[in-house]
Every structure is written in structure tokens, then in C-alpha cells.
1. I need to check one value: relative contact order of segment 6-206, counting alpha carbon pairs closer than 8 Å and at least 6 residues apart, in percent.
2. Highest GNM mean-square fluctuation, the chain, Cα pairs closer than 10 Å: which of Asn198, Asn169, Asn132?
3. Compute the signed sum of charges (Lys and Arg +1, Asp and Glu -1) over the other residues within less than 13 Å, Cβ to Cβ, of Ile205.
4. Which cross-chain or sequence-distant (5 or more) residues have an amide H under 5 Å from the amide H of Asp73, H modelled 1.01 Å from N in plane?
5. Checking the a/c ratio against 1.5 first, then a/b against b/c, what shape does the Cα gyration tensor give for segment 90-208?
6. Choose one answer from Glu105, Glu122, Glu194: the residue with the largest mean-square fluctuation in a GNM of the chain with alpha-carbon springs under 10 Å.
7. Counting Lys and Arg as +1 and Asp and Glu as -1, each charge on the Cβ, what is the dipole of the chain about the Cα centre in debye, to the nearest 20?
8. Would you mind putting 49-55, 11-17, 155-161 in packing order, based on average other-beta-carbon counts within 10 Å, highest first?
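We did not get these values from a lab; they are worked out from the coordinates using the rules stated. Note that the structure is a prediction, hence the values are computed from the model and not measured. All Cβ positions, glycine included, derive from the backbone under ideal geometry; neighbour counts span all protein chains shown.
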Amino acid sequence: MFNLKPKEDKFYKLFLEAAKNVNEGARILRGSLDTLSDKESNVDKIEELEHEGDKLVTIVVKELNEAFITPIDREDIYSIIKKLDDVLDLINSTMHRFLMYDINESTHEAKLLADMIVKCTEHILDLMIGLNSVGNKAKYIEEKIIIIHDIESEADSLFRKTVSNLFKNETNAIEIIKWKEIYQILENTIDNCEKIANTVEGVVIKNA
């Protein structure tokens, strides 16, 4: 078991800030799918969050280089902050696709996948809060990890069904290419959320 001591809690604060950015990016993405008329503005908002995410990775690397003792393994600290940044990068990539491909109306399936991303990032935010005192919150963390695994499994099923229907029902090859790519990025985003949960799970096991 471990707790982040006051002098060591800078990593916890950075995790929390990164998780908040990721969740905010997910919410902007989901909100934009209801009305893509303002997609340029939403791209700018997510771009700003993505730049903040890059800065947080840089800060964590600097802190790791300067820290004599870390509250958890250095590799885990770097993995968590980098994977949080990866999720935000994918959210950014999705938002850019709607702008690049001049898509003005979302599909129902894209909204469902975006809903799942919002839910995953909310639970990841809870994981980062629980990570501050993992020894006392192991069960709480485990419950959140299970929920994220369940969402990822549901997203996998939805992705396969959606792509199958896309090839069956869409006759425009360009539309198939555009939407298959968007669905893939959305599904990859949820996969990467699960990777964060897996890393946190490893932290809990190592520090039990």
C-alpha cells in the first residue's frame, strides 16, 4: 500500500489535471456531434486542450528526472500521463476528421461511441482521484476498472456491427472510407481508455 505524501503529490495533481482535460475534450467532441455547424470552433477548443496535454507530459518527464523518490514506479507514472495524452490526441483526431471531410451531420452510431468515450473518461477521472490513496481505495478503483472494461467490450460489439452495416447499406465508397475511419478512431479511443485502466490496475497489484 502507498499514499502520495504532500511533497510527492505533484504527480497526482498532474494526473488529475490531465484527466480533467481528457474528459473536457470528450465532452466537447460529444456535444459537437449534435450540431456540427460549429465544428471549427470545437476543433480549436480541443486543440488547446491537446496542447495543454503535451505540456503536462513534458512537466511529468521533467519532474521524474528531478525526483529522487517517486510514489509509484517511474515507468507507471510516465505510462499513465502518456496514455492520457494519447486519448486526448485521438479525440483531437476525430474532431479534425469532421472538419477535414466536411461532415455536417453525425450518425447515431458515432454519437453512441462518443457517449462511451465520455463515460470512460469520467471513470478515468475517478481513477485518478482514487490513485491518490490507492491502498485505501483498492476496491473503489477495481470497480471503476471493471466498468471501463465493460464499456470497451460494448464499444467493440457496436463497432463491429456498425462497420458491417456500413458496408452492407452504404453505396458511396467515399462515405464508407470516411465513416469507417471515424468509427475506427472512436473505437481506438475507448481501447486506449482501457489501457489506462489496465496500467492503474497494475499499480494497485504492485502496491497491494
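1. 30 percent
2. Residue with maximal mean-square fluctuation among Asn198, Asn169, Asn132: Asn169.
3. -3
4. When sequence neighbours closer than 5 places are left aside, there are no close amide H contacts.
5. It comes out prolate by the Cα gyration axes.
6. Top of the fluctuation ranking is Glu105.
7. Computed about the Cα centre, the dipole is about 480 debye.
8. Taking the mean over residues of other Cβ atoms within 10 Å, the ranking is 11-17, 49-55, 155-161.
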